[in-house]
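Only the coordinates and a few stated rules stand behind these numbers; no lab work does. Quantities reported herein were computed from a predicted structural model and do not represent experimental measurements. Don't worry about glycine lacking a Cβ; one is built from the backbone with ideal geometry, like all the others, and counts go over all protein chains shown.
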Amino acid sequence: MATAGKNAPKKEAEGEAKPKKSKLLLIVLILVVVLGAGGGAAWYFLIHKPASAEHEAPKVEAPKPPVFLALDTFTVNLQSEEGERFLQTGMTLQVASQEQVDLIKLYMPHVRSRLLLLLSSKRAQDILPAEGKSKLAQEIMDVLNQPFSPGGPSINVTSVLFTAFVVQ
């Protein structure tokens, strides 16, 4: 009987160990199933797009309308070796935004001065052909896109459009 008493606590300990192992195994199996289902769902939603998304047209932002600023007419003496030549021109500047227009208006004395200096440095035979006008437009953009004061804001003129161009 002494041996039977010693074996009884061992059997009870073995009986308690089996339910703990089966609970642990059950928890591990549930975790594996839940993680597998979550991974499968993530794969499905990342790889497969919903049918409605496939048929939607890509949304394109409407282009911003252009912003223009018409400048007063310029009349300048041109560089000439065969007598006096004059240029009378009107132009419109295309800029990125209304803020740029406001900035140009703020610095208008600088703008006009730079343009007068540039235009009066030209010769009639250089600006009369179409290529000469295109080159002049690029030079105007270059001179206006430079800051008007050290460290000051810069203007972004994207296009120069001549509205009048007379050489006499």
Arg112 - would you say it is in contact with a Phe, Trp or Tyr (Cβ under 9 Å, 6 or more places away or on another chain) and charged (D, E, K, R)? yes
Here the qualifying pairs (Cβ atoms under 9 Å; residues six or more apart or on different chains; first in region 103-123 and in contact (Cβ under 8 Å) with a residue 24 or more places away in the chain; second assigned to a helix (DSSP H, G or I) and loosely packed, with under 13 Cβ neighbours inside 10 Å) come out as Val111/Lys105
Please list, ordered by first then second residue, the pairs with beta carbon atoms under 9 Å, 6 or more apart or interchain, first in region 76-93 and among the aromatic types (Phe, Trp, Tyr), second part of a strand (DSSP E or B). Phe86/Thr75; Phe86/Val76; Phe86/Asn77; Phe86/Leu78; Phe86/Val166; Phe86/Val167
Of all the residues that make up region 129-138, how many are of a type outside the set (Lys, Arg) and loosely packed, with under 15 Cβ neighbours inside 10 Å? 5
